[in-house]
Every structure is written in structure tokens, then in C-alpha cells.
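Heads up: the structure comes next, in C-alpha cells.
Every read-out reported here was derived from the displayed coordinates using simple, explicitly stated rules and does not represent laboratory data. Just so we're clear, the structure is a prediction, and the values are computed from it rather than from any experiment. Every residue, glycine among them, receives a Cβ derived from its backbone with ideal geometry; neighbour counts consider all protein chains shown.
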Amino acid sequence: MSMPGDTERLTESMERLREHYGVPEPQDRPDPILSLIKVLLSHNTNDNNRDRAYNALMERYDSPEEIMNADRDELANTISVAGLHNIKAGRIQDTLHTIVEQRGELNLDFVHDLSLSEAKDWLKQLPGVGPKSAAVVLNFTFGKSAMPVDTHVNRVSKRIGIIPESMSLDDAHDVLEGMTPEERVYEYHINLIKHGRTICKAPTPHCSDCFLNDICRYYQTHEDEADMWK
Ligand code: SF4
């Protein structure tokens with residue numbers, strides 16, 4: 001059997017992931033400013049600690065304006081459970097101030113009217129906002145077809161052979177996003193994460209149980225070790 005090329009692997013894996021995990025329900029669209037704050041809290045921590053820090057922030061402050069103008073040490077203490085709290089407090093306040101300086105108000109609604117690439121460029125010039133953070137906000141909040149490439153999406157897509165192992169995270173965002181049909185970017189993102197959490201785990205993938213192993217480059221090159229993965 002000739003092996004599928006990158007696009008073929010993407011299409012085939014997307015269909016099988018849908019068959020296995022289904023089509024995820026669309027999420028409620030959070031407020032853009034609050035979504036941005038949450039994403040800045042999420043760096044280098046797990047979802048649980050990010051959520052605890054975010055909830056502490058919501059309890060302590062009544063509005064994004066209050067967060068922007070808060071005493072920085074107090075803000076850092078409030079979000080300390082997220083780790084790197086001094087850096088994150090600075091990034092959050094600097095980002096909020098940058099939005100006000102550039103837009104005249106603490107409001108991101110204008111992003112709705114930008115093209116995907118304009119919106120990405122605008123968000124990525126904010127302090128601490130890289131390609132993944134920008135894509136999370138654009139996809140989950142604005143419903144744009146941006147592909148956030150987190151650790152699971154990056155690992156699983158490289159193992160399958162959709163993108164090369166050596167591809168940078170920045171390029172992975174643009175390439176995976178460009179290859180995936182716009183209307184299925186959210187679904188594919190969510191399903192790759194589900195697969196990465198349950199079967200294609202780091203550091204040891206459960207290849208013998210995987211419904212993608214016949215199209216997976218990693219499996220084909222490590223098949224001799226298959227018994228180790230049972
Ligand atoms: S065959 Fe193994 S490496 Fe490939 S996607 Fe499945 S679990 Fe991951």
C-alpha cells in the first residue's frame with residue numbers, strides 16, 4: 001500500500017478521529033478581553049491551575065479595568081497558583097495598557113472585522129501573545145479558523161507524519177491551519193488533543209491500540225518495538 005502524503009494523512013486522520021471521538025460541541029464564546037487574560041495565565045501551567053488563578057482573579061477584581069490598574073504585586077499574589085506570577089502579572093497589565101493605547105479603549109470587538117491573518121498579526125504584537133495564544137483567542141472567542149498548536153497537537157501531528165518532526169512551532173501553526181478545511185479546524189484541534197491525552201501519549205504512545213497505526217509514520221518506523229507499547 002502506498003503511504004499517504006501529508007495532506008492525505010491529515011484528511012484520513014481527521015475522518016478517523018471524528019469517527020472515534022465525534023464532533024465537539026461548540027463552546028460558549030467568552031468575552032475577548034477575559035479570554036486573552038486567561039490565555040496569558042495558561043503559559044507553563046496545567047488547566048487546573050490556570051482555572052484556579054483565573055477564578056481568583058474574577059473574585060478579587062470586578063472588571064478588566066481594575067485588573068489593568070491594580071497594584072502589580074497584589075495582582076501577582078492573586079494569580080500565584082498559576083506560577084511565573086510576577087511575569088504573568090506584568091504581561092497581563094502591559095497587554096491591557098497596550099490595547100488601550102492603540103485602540104483608545106479596553107475592547108477587542110474590532111478583531112471580528114479583521115481577516116484571519118490581520119487578526120493574528122495584531123494579537124501577536126501584544127506582550128506575551130505568541131502564535132498559540134493568538135490562535136486560542138481567535139478560534140475560541142472569535143470563531144475564526146485559527147489552529148492552536150499545543151503540545152498534544154504538535155506531538156500527534158508530527159508522529160502521524162502530517163508535518164515534519166523538525167518543523168518549528170510557529171510554522172506548525174500556519175501549516176496545519178492552511179492544510180485543514182476552515183470549517184473543521186476546531187474539531188480537528190480538539191480531537192488531536194483527545195487522541196494525545198488518551199492514546200498517543202507522551203512519552204509512550206499506545207500504538208498497538210491506535211486506529212491510526214496503519215497510516216502513522218512513527219508507527220511504521222518503530223513497528224519492531226510494537227510489543228513494548230502493549
Ligand atoms: S500509531 Fe502510535 S504514534 Fe501513531 S498516532 Fe497512533 S499512538 Fe500515536
What percent do you get for the relative contact order of the chain when only Cα pairs under 8 Å and 6+ apart count?
22 percent
Given unit charges at Cβ for Lys, Arg (+) and Asp, Glu (-), the dipole magnitude of the chain about its Cα centre in debye, nearest 20, is 480 debye
Looking at Asn154, His189, Ser63, which one has the Cα that reaches farthest to the positive end of the dipole of the chain (charges on Cβ: Lys, Arg +1; Asp, Glu -1)?
Asn154
Helical contribution to [θ] at 222 nm, DSSP H n ≥ 4, -39,500 (n - 2.57), averaged over the chain, rounded to 500:
-16500 deg cm²/dmol
Considering the dipole of the chain built from charges on the beta carbon (Lys and Arg +1, Asp and Glu -1) around the Cα centre, which of Ser133, Asn77, Leu108 is farthest to its positive end?
Asn77
If you rank Ser80, Ser133 by fewest surrounding Cβ atoms within 10 Å, what's the result?
Ser80, Ser133
FRET efficiency (Asp62, Asp121; Cβ distance; R0 41 Å; to 0.05) is 0.80
Given bins 10 angstrom wide, list per bin the percent of all Cα-Cα distances in the chain, short to long.
7, 30, 30, 20, 10, 2, 0
Sparse-neighbour loop sites [GluC sites (Glu not before Pro); region 51-151; at most 13 other C-beta within 10 Å; DSSP]
Glu105
Most exposed first by the Cβ proxy, i.e. fewest other Cβ within 10 Å, how do Ser145, Ser63 rank?
Ser63, Ser145
Total charge dipole magnitude, region 32-141, about the Cα centre, Cβ charges on Lys, Arg, Asp, Glu only, Debye to nearest 20
500 debye
Tell me which aspartates and glutamates have Cα within less than 17 Å of Lys144's Cα, excluding those fewer than 8 residues away on the same chain?
Glu25, Asp28, Asp31, Asp109, Asp113, Glu118, Asp121, Asp174, Glu177, Glu182, Glu183, Glu187
Where labels lie 7 Å past Cα in the beta-carbon direction, separation of Ala202 and Asp113 in nm:
4.0 nm
